[in-house]
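Asker: I'd like to ask you about the structure that follows.
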Amino acid sequence: MVLFKEVLLPKCNESGGSSGYLPLALIMQYHIVVAVAICSAVFVDSRKIRGISLAYRKFYKEKKTFLCLDGSKIIPFDQVNDDYCDCLDGSDEPGTAACLNGRFYCTNLGFRPCYIQSSRVNDGICDCCDGSDEHDKRTRCPNTCRNLGQQERAALEAEMRAVDDGMHLKRQLIKEGVSMWQEKQNQLKDLQRILSGLQTKLEAHRKRKLEADAHQAKVMGVLKSPGDGAGGKTAARIFGQLDINKDGSLTVDEVQAGVVNLQDDRSLTEEEVTALLGGPGPADLFRFQQTLWRSLQAAKKVKIKADLRGDLGPPNEGPATRAAPSAARQGEANLKEMEEALETTRAEIGNLEKVLSTDYGSSREFLYLQGQCFQLVVYEYTYSLCPFSHVTQKSSTGAEVSLGKWRYWAGPQEHPYSRMEFEDGAPCWQGPPRTTLVTLTCGTETALKRVREPTKCQYIMELWTPSACEQQREARRRGVHSEL
Amino acid sequence: MATFILSRLEMVWFLVAGVLLVLNGVRAVDRSNFKTCDQSSFCKRMRTMGLDQSPYRAILETLELSDSRLTLQLINDNNKVRLLLELYRLQGNMTRLKINELKPLRSRFEVPDVLVGEPPTKPLSMVSRDEAGVVLSLGTDAHQLVLNARPFRLDIVEGARVLLSVNGRGLLAFEHLRPRKDTLSKISSTVGSMWDSIKNMFSSNTQKDSEGEETTEGAQEEGEEREEEEPGMWEETFKSHVDSKPNGPSSISLDFSLPGVEHVYGIPEHAENLRLKTTDKGDPYRLYNLDVFQYELYNPMALYGAVPVLLSHNAQRTMGIFWLNAAETWVDISANTAGKTLSGKVLDHAQVPSDAPQTDVRWFSESGIIDVFIMLGPKPSDVFTQYASLTGTQSFPPLSTLGYHQCRWNYNDQEDVRAVDAGFDEHDIPYDFIWLDIEHTDGKRYFTWDAANFPQPRDMLRGLQDKRRKMVAIVDPHIKVDSGYRIHNEIRSRNLYVKDKDGGNYEGWCWPGTAGYPDFTDPEMRAWWASMFAYDKYEGSMENLYTWNDMNEPSVFNGPEVTMHKDAIHGTWEHRDVHNLYGLYVQMATAEGLIQRSGGVERPFVLTRAFFAGSQRYGAVWTGDNAAEWGHLKISIPMCLSLGLVGISFCGADVGGFFKNPGPELLVRWYQTGAYQPFFRAHAHLDTPRREPWLFGPQNTALIRDAVRQRYALLPYWYQLFYHAHRTGEPVMRPLWVEYPQDVATFTIDDQFLLGRHLLVHPVTEQGSQGVSVYLPGVGEVWYDAHTFRRHDGDQNLFVPVTLSSIPVFQRGGSIIPRKVRIRRSSTCMENDPYTLYVALSPQGTADGEIYIDDGHTFNYDRQKQFIHRRLTFANSSLSSSNLSADSQFTTASWIERVLILGGQEPSAVTLRTADGSRSLEFEFDAATSVLTIHKPGVNAGSDWTVLLQ
């Protein structure tokens, strides 16, 4: 009849929500308990069986003597629950506070049964929702089990729904993660290809430059480098010219159509354009300014096609650059250009490899958090959590303080992905560097929900994410199994 | 989280302003912030005074003896200034000695509100009188007071034995008030005579004939011309702070010789051993209430509180000297031989072996008068009674305040409080109070709550009340100067702030920034302050909210020595005169507020950092901002012992140490020590990592839980000790010599102590300790290990091996201690629980003890005599409970659950006898430990009963 192991019964103060143990089993237990309690109503409620669970009643049958449950002592049955502790294991006083190590069983009909420490019996505080712990009547304890049961069932059901929703979202996130991962892998491959192309070219250029240098030494001195461009306006104009389809971004084709090799006016290869744009894919104005525009300004390797240049005039060139560059200068410029492109590409590869080497969970369900930041305003502070990167706190007066850099997953062994640790933030006044611990909670949205600083400069944040949902459900399932 | 940054910003602001002490990581006190004797001009003047013969002479012709009072003029033969000596014989074997200027230029401050009343006197009679002096009788026994006229000295003798000499070394000094040299003497003499006439209007003591006055005045003026001006008399600078000293020099000094005495104690507060050291090689002990940042150990520097009471002790007699003066005071102690200072008339009466040891004590204060109470003992308990008759006894605290207190700077918000509270339940550790430090307020405006972090203080307090627990919130005496702050506006509009020397409101810097300091010496201010604790005035407060007064030295971050300027004005007096009283008044007004808010029904609880003689009447004190170091743990014992000797029993040190981080071993040891000290509170600095008891792994949690539970089991005994402290003035935590006054081996012990008479505690205060050497006193006595019940002989040094879980505690053979061994979540939950009696038999097979029960929190024990006080006696194989207080009445639900007889024998039967008849009781005897356990007498703890062993 008794289907659950008592030892695993929850303590009364454990709430259903976050303990990760009970729910599914409980919903079943309600029914069991109700049924059992009704059956056994015949012999209930003498002083002698106070504080004893159904499973243990068999040990407390009215007899002449009582054997302590640890077998250590036999006492007259009169001394069971007589408010004096006889048994070392406290088993003779399940219904009183007499034994230091005793426990009292709250039946809690309508809610969930549980044990409390004996010391909580008749102490003036209502612990069992059925009020059975305060049986000396000095304290009036209303029976709140039915309400609590209803509330908890409602809360549980809501939570289960939320978990289900969360799981659904999570499956999508995993799917997205798969394609994001693939995309990033492809990016990496592209970059690596570009890198090796660049390396080959660089070799060739180096050779050429050596030759050019020799020539240059004979012919003329080194020209000063050109002044910096006038900035965005000109860049925007050029960008506008190059952006043939006016979609706000430059494709490889568009660049090939408008930009040529400085020396021989030849068209650029796809690789060259990709390198000039700092990577594959179309470039917006910003990226253009950071990459190709700089190359154009430097006028070392590429230039705008003559027919377009006519429309534009030279891109804000100083007099020095107007002079035809010597072959040596050109060689040097080309080399530098190549080296820069190589560095950029290497850096990008490095970044991408770092991103790809991070642990995003067993199904990469947390990959989607990469590159995102979540904010929460508390009082006068704005907290910003960027998973896998960093945490900051910005006060309304403007100062931004680092609360830590991404370190690792710090959850316990059974739930490694339940906590994130950020370390080595800005040092505290007279103290160690700031740290942040982020706990991940199952939710149907991704949001930073709570920030605390229990010890100065040690922050604790709560991030809600659907990706945390499975862990909870697993915990529940485990809890259920062990109780059934 | 936000407030942390705020407070840090504030600190930075203070630093930038060049104010806030030294917070730069130096881990000891910055001594340069505090004066040495050399830097305190009067101390330097006084201390360099020669040891020549005293210039003072008694003018015997002026002697007047009324029933209980003798007056006599003294004259300084160097400057002709006359002093008036008053001598009183007080009830209870005390002598009071007052010396003031006969005709001071202005009246000099006499300390009010410290004595509980005008001490009752007893008749003084003259035994003999001649040209050399007079002999007065101090009662029926051989006590006499011998007054020698030239030079002036007093000797108190008992038979042929000199107990104490006054001015034996001729160090009586009295800087008479004088007009400033650079002002017109006419003006000042006009002012002077105005003062005289005012004084005459109020004083009956100076109705002298005018003839004598004129000669005195004439002589005084003449003398003044010869008086030398010394630097620092009219202005004094310390660091950048100028003391304007408008009244000029005013210090006083007197010396006392104690023949046959080698051990003196008291004059707290110092981070010092129990036995005071001689001060010849360094500075005197200083008494000047100061906020000392990171204080040093074994040092005579002043700390937060001052009780100018010194106890002397030898195997024959214990005595006390109470120097009632609230100004900056220094005490020099030196070792001497008795023959050296004995002279004059006393030689006719008494002899002292010339090589007998002697301790000389010299007191000097910056202003006020000489007002000394000589408490003649002879037993330690007599001195406690004598001092209590003057300044009152320890307030009787609510029972719950003897439980464990969980404090931290700061619990951040209501959720934090809830979580910590729940943590105690989860880890099954009892506690009674959780505390809120300054961050709970709205910008350090006391009586308010931070709106973001404590939006619903009453909800929070109700949450605690549901668990039968309580809270203490801080209320400091510095008031933020802010026209939007009601408390400030009211104090300002009522003109109740301390004034600066120019008459404006005194302002200093403290936690809130610029702050005013209410003049707590003004009764009107105290009454108004008390009214602020009414539930409708102190928003968010409830019955289970109590108060903590910190920073009441007062602490002024930008003031000289981090306190108030001495030339600040309290009504008609300078801060100089009242300084050491300020903290007492703050706590007095606060305690009164807590009493008033309950309509006079509930006992208050107020913790204070600053204190003075008499502060015991208002609550608890703690030893201030200590550090998480083994040395600080160790010194908590002598610091609290010293306070207990001078009446302040409710003492504790921050468990864990305030500054720095304790390792788990230190923290555990500190809990174990604190559990056996009167005020048991953990506290930690804002910058420290969290250290709630469960944050150091399950093993340490268990150790701390066990220590706290030992405390709770002993609460009935603690409560009973406090009841006695309240009734008699006896210290709760006491040095061994108090109970073994003739055992010289106990005189310097301060690493172990007694709780009452019956428990001896030797906490482990050394890192990595493998064992402690415990001195068990008492020839022919026995002691029982309180944990193993093993019996040990007295009069031995016992090596006790220890583990991390050990707290060496011994119960004295011959005692009965009631415990409540059912440990609940808070002391209030234990109210109706039954008692277990621990009967520790003497070698003679006897024991006795007491049990005291009342409601635990109201004044009904006093006003309506609602209490139970019973004697428990074991003799002739029978244990009985009899009423000690026939006229009191109280009903308790508590009963006697169990009796343990330590050192017992196996009886054949055990019978309980009550008014209802007799019945036999179950019992078991453990032959290995000789412990007889008697099961369930079941009698009500308030009833008469006897248990017979056959």
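The values are calculated or read from the model by the stated rules, or taken from the named source; none is laboratory data. The model shown is predicted, which means the values in this text are computed figures rather than measured ones. Please note: Cβ atoms are built from the backbone with ideal geometry, for glycine as well, and neighbour counts cover all protein chains shown. All accessible areas refer to the heavy atoms of the entire protein, side chains included, with ligands and DNA or RNA removed. Shrake-Rupley method; radii C 1.70, N 1.55, O 1.52, S 1.80 Å.
Asker: Go through the stretch B:82-95 residue by residue and tally those that are over 22 Å from B:Trp573 (Cβ atoms) and open to solvent by less than 20 Å² (accessible area, probe 1.4 Å). Walk me through it before giving the result.
Answerer: Let us first name the residues in the stretch B:82-95 that are over 22 Å from B:Trp573 (Cβ atoms), namely B:82, B:85, B:87-95.
Next cut, open to solvent by less than 20 Å² (accessible area, probe 1.4 Å) only: B:85, B:87, B:90, B:94-95.
Qualifying residue count for the region: 5.
Asker: Collect the residues in the stretch B:425-438 that are within 11 Å of another protein chain (Cβ to nearest Cβ) and surrounded by fewer than 23 Cβ atoms within 10 Å (Cβ to Cβ), keeping them in residue-number order. If you could, list the steps in order and put the result at the bottom.
Answerer: Going through the stretch B:425-438, the residues within 11 Å of another protein chain (Cβ to nearest Cβ) turn out to be B:425-426, B:428, B:430.
Scanning the stretch B:425-438 gives B:Asp425, B:Glu426, B:Asp428.
Asker: Same structure again: Got a number for residues in the stretch A:132-149 being in a loop (DSSP other than H, G, I, E, B) and away from chain B (no Cβ under 14 Å)?
Answerer: Step one: list which residues in the stretch A:132-149 are in a loop (DSSP other than H, G, I, E, B), which gives A:132-144.
Next cut, away from chain B (no Cβ under 14 Å) only: A:132, A:143.
Result for the stretch A:132-149: 2.
Asker: May I ask you to list the residues in the stretch A:420-464 that are of a type in the set (S, T, N, Q) and open to solvent by 20 Å² or more (accessible area, probe 1.4 Å)?
Answerer: Listed by number, the residues that qualify are A:Gln430, A:Thr435, A:Thr439, A:Thr441, A:Thr444, A:Thr446, A:Gln458.
Asker: I would also like to ask the following. May I ask you to verify whether B:Ala422 is part of a helix (DSSP H, G or I) and facing chain A (nearest Cβ under 10 Å)? Quick ask: steps written out before the conclusion?
Answerer: Details: part of a helix (DSSP H, G or I): yes; facing chain A (nearest Cβ under 10 Å): yes.
So B:Ala422 fits the description; yes.
Asker: Hey, can you tell me all the residues within the stretch B:682-696 that are closer than 24 Å to B:Asp428 by Cα and of a type in the set (D, E, K, R)?
Answerer: Residues of the stretch B:682-696 that are closer than 24 Å to B:Asp428 by Cα, as a first pass: B:682-684, B:689-696.
Matches in the stretch B:682-696: B:Arg690, B:Arg691, B:Glu692.
Asker: Restricting attention to the stretch B:808-822, and to residues there that are open to solvent by 10 Å² or more (accessible area, probe 1.4 Å) and not small (Gly, Ala, Ser), which single residue is nearest to the other protein chains (Cβ to nearest Cβ)?
Answerer: Of the stretch B:808-822, the ones open to solvent by 10 Å² or more (accessible area, probe 1.4 Å) are B:812-814, B:819-822.
Going one step further and asking which of them are not small (Gly, Ala, Ser), we end up with B:812, B:819-822.
Values: B:Arg812: 26, B:Arg819: 13, B:Lys820: 11, B:Val821: 7, B:Arg822: 5 Å.
Looking at the filtered set, the residue picked out is B:Arg822.
Residues checked against (1) under 19 Å from B:Asp155 (Cβ atoms); (2) touching a strand residue (DSSP E or B) at 6+ places or on another chain (Cβ under 7 Å); (3) open to solvent by 10 Å² or more (accessible area, probe 1.4 Å):
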site	(1), (2), (3)
B:Tyr298	no, no, yes
B:Ala335	no, yes, yes
B:Gly339	yes, no, yes
B:Ser354	yes, yes, yes
B:Asp360	yes, yes, no
B:Lys379	no, yes, yes
B:Ser389	no, no, yes
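Asker: Continuing with this model, one more query. Restricting attention to the stretch A:383-412, and to residues there that are within 14 Å of chain B (Cβ to nearest Cβ) and open to solvent by 50 Å² or more (accessible area, probe 1.4 Å), which single residue is modelled with the lowest pLDDT?
Answerer: A:Thr397
Asker: Does the stretch B:897-917 contain any residue that is within 14 Å of chain A (Cβ to nearest Cβ) and closer than 30 Å to B:Gly600 by Cα?
Answerer: Checked against the condition, which is being within 14 Å of chain A (Cβ to nearest Cβ) and closer than 30 Å to B:Gly600 by Cα, the stretch B:897-917 yields no hits at all.
Asker: Which condition breaks for B:Leu461 when tested against (1) touching a strand residue (DSSP E or B) at 6+ places or on another chain (Cβ under 9 Å); (2) part of a helix (DSSP H, G or I); (3) closer than 16 Å to B:Tyr538 by Cα; (4) open to solvent by 30 Å² or more (accessible area, probe 1.4 Å)?
Answerer: If we test B:Leu461 against (1) touching a strand residue (DSSP E or B) at 6+ places or on another chain (Cβ under 9 Å); (2) part of a helix (DSSP H, G or I); (3) closer than 16 Å to B:Tyr538 by Cα; (4) open to solvent by 30 Å² or more (accessible area, probe 1.4 Å), just (4) comes out false.
Asker: Only one of A:Lys201, A:Lys301, A:Lys305 is modelled with pLDDT of 75 or more, in contact with a Leu (Cβ under 6 Å, 6 or more places away or on another chain) and crowded, with 16+ Cβ neighbours inside 10 Å. Can you tell me which? Give the steps one after another, and end with the answer.
Answerer: Values: A:Lys201 fails: in contact with a Leu (Cβ under 6 Å, 6 or more places away or on another chain); A:Lys305 fails: in contact with a Leu (Cβ under 6 Å, 6 or more places away or on another chain).
Residue meeting the stated conditions: A:Lys301.
Asker: How many of the residues in the stretch B:136-159 are open to solvent by 10 Å² or more (accessible area, probe 1.4 Å) and under 17 Å from B:Ser125 (Cβ atoms)?
Answerer: Total satisfying the criteria: 8.
Asker: Which residue is most open to solvent (accessible area, probe 1.4 Å), if the candidates are limited to the stretch B:882-893 and must be touching a Gly at 6+ places or on another chain (Cβ under 8 Å) and within 14 Å of chain A (Cβ to nearest Cβ)?
Answerer: Step one: filter the stretch B:882-893 for residues touching a Gly at 6+ places or on another chain (Cβ under 8 Å), giving B:890-892.
Okay, now just the ones that are also within 14 Å of chain A (Cβ to nearest Cβ), so B:891-892.
On the way: B:Thr891: 123, B:Thr892: 15 Å².
Per the criteria, the residue is B:Thr891.
Asker: Starting from residues that are in contact with a helix residue (DSSP H, G or I) (Cβ under 7 Å, 6 or more places away or on another chain) and within 14 Å of chain B (Cβ to nearest Cβ), keep the ones in the stretch A:101-122 and report whichever is surrounded by the most Cβ atoms within 10 Å (Cβ to Cβ).
Answerer: Among those that are in contact with a helix residue (DSSP H, G or I) (Cβ under 7 Å, 6 or more places away or on another chain) and within 14 Å of chain B (Cβ to nearest Cβ), it is A:Phe104.
Asker: For the stretch A:423-430, indicate whether the set of residues that are away from every other protein chain (no Cβ under 14 Å), under 29 Å from A:Ala162 (Cα atoms) and in contact with a strand residue (DSSP E or B) (Cβ under 7 Å, 6 or more places away or on another chain) is non-empty. Steps first, please.
Answerer: Applying the first criterion (away from every other protein chain (no Cβ under 14 Å)) to the stretch A:423-430 yields A:423-424.
From what is left, the residues that are under 29 Å from A:Ala162 (Cα atoms) are none.
Checked against the condition, which is being away from every other protein chain (no Cβ under 14 Å), under 29 Å from A:Ala162 (Cα atoms) and in contact with a strand residue (DSSP E or B) (Cβ under 7 Å, 6 or more places away or on another chain), the stretch A:423-430 yields no hits at all.
Asker: If B:Gly599 passes every condition in (1) closer than 22 Å to B:Arg486 by Cα; (2) without any contact (Cβ under 8 Å) to a residue 24 or more places away in the chain but one, which one does it miss?
Answerer: (1)
Asker: OK, next. Looking at (1) surrounded by 21 or more Cβ atoms within 10 Å (Cβ to Cβ); (2) under 33 Å from the mean Cα position of the chain (by Cα); (3) closer than 20 Å to B:Ala713 by Cβ, which is the only condition B:Gly856 fails?
Answerer: Only one criterion is unmet by B:Gly856, namely (1).
Asker: For residues that are touching a residue at least 60 places away in the same chain (Cβ under 8 Å) and open to solvent by 60 Å² or more (accessible area, probe 1.4 Å), scanning just the stretch B:466-508, find the one that is nearest to B:His575 (Cα to Cα). Even if it seems obvious, please write down each step before you answer.
Answerer: Keep residues of the stretch B:466-508 that are touching a residue at least 60 places away in the same chain (Cβ under 8 Å), which gives B:467-478, B:498-501, B:503, B:506.
Then drop every residue that is not open to solvent by 60 Å² or more (accessible area, probe 1.4 Å), which leaves B:468, B:501.
Working: B:Arg468: 43, B:Lys501: 10 Å.
Of everything passing the filter in the stretch B:466-508, B:Lys501 is nearest to B:His575 (Cα to Cα).
Asker: Follow-up. For the subset of the stretch B:568-624 comprising residues that are out of contact with any Ser or Thr (no Cβ under 6 Å at 6 or more places or on another chain) and of a type in the set (Val, Ile, Thr), which member is most open to solvent (accessible area, probe 1.4 Å)?
Answerer: Here the answer is B:Thr572.
Asker: Could you list, in sequence order, all residues of the stretch B:832-856 that are within 14 Å of chain A (Cβ to nearest Cβ) and within 22 Å of B:Leu755 (Cα to Cα)?
Answerer: Selection gives B:Tyr835, B:Thr836, B:Gly856.
Asker: Is one or more of the residues making up the stretch A:271-284 more than 40 Å from the chain's Cα centre (by Cα) and modelled with pLDDT under 80?
Answerer: Going through the stretch A:271-284, the residues more than 40 Å from the chain's Cα centre (by Cα) turn out to be none.
Checked the stretch A:271-284: no residue is more than 40 Å from the chain's Cα centre (by Cα) and modelled with pLDDT under 80.
Asker: State all residues of the stretch A:133-151 that are within 20 Å of A:Ile52 (Cα to Cα) and either without any contact (Cβ under 8 Å) to a residue 12 or more places away in the chain or open to solvent by less than 40 Å² (accessible area, probe 1.4 Å) (or both); if no residue qualifies, say none.
Answerer: Correct list: A:Asp133, A:Glu134, A:His135, A:Lys137, A:Cys141, A:Cys145.
Asker: Please give the strands (runs of 3 or more DSSP E) falling wholly within the stretch B:523-628 in which 1 or more residues are out of contact with any Cys (no Cβ under 9 Å at 6 or more places or on another chain), polar (S, T, N, Q) and within 30 Å of B:Pro689 (Cα to Cα). It would help to see each step written out before you state the result.
Answerer: On the way: elements: B:545-549, B:606-608, B:620-622.
It comes to B:545-549, B:606-608.
Asker: Could you tell me how many of the residues in the stretch A:362-380 are within 14 Å of chain B (Cβ to nearest Cβ) and open to solvent by less than 90 Å² (accessible area, probe 1.4 Å)?
Answerer: Restricting attention to the stretch A:362-380, the residues satisfying the condition of being within 14 Å of chain B (Cβ to nearest Cβ) are A:376-380.
Retained after the next criterion (residues that are open to solvent by less than 90 Å² (accessible area, probe 1.4 Å)): A:376, A:378, A:380.
Number of matching residues: 3.
Asker: Could you please find all residues in the stretch B:681-712 being surrounded by fewer than 20 Cβ atoms within 10 Å (Cβ to Cβ) and among the small types (Gly, Ala, Ser)?
Answerer: B:Gly697, B:Ala702
Asker: Take the residues of the stretch B:894-912 that are open to solvent by less than 60 Å² (accessible area, probe 1.4 Å) and either outside any strand (DSSP E or B) or touching a helix residue (DSSP H, G or I) at 6+ places or on another chain (Cβ under 7 Å) (or both): which is modelled with the lowest pLDDT?
Answerer: Initially, the stretch B:894-912 is screened for residues open to solvent by less than 60 Å² (accessible area, probe 1.4 Å), giving B:894-904, B:907, B:909-912.
If we keep only those that are either outside any strand (DSSP E or B) or touching a helix residue (DSSP H, G or I) at 6+ places or on another chain (Cβ under 7 Å) (or both) as well, we get B:894, B:903-904, B:907, B:909.
Values: B:Ser894: 98, B:Gly903: 97, B:Gly904: 94, B:Pro907: 97, B:Ala909: 97.
So, considering only residues that are open to solvent by less than 60 Å² (accessible area, probe 1.4 Å) and either outside any strand (DSSP E or B) or touching a helix residue (DSSP H, G or I) at 6+ places or on another chain (Cβ under 7 Å) (or both), the one modelled with the lowest pLDDT is B:Gly904.
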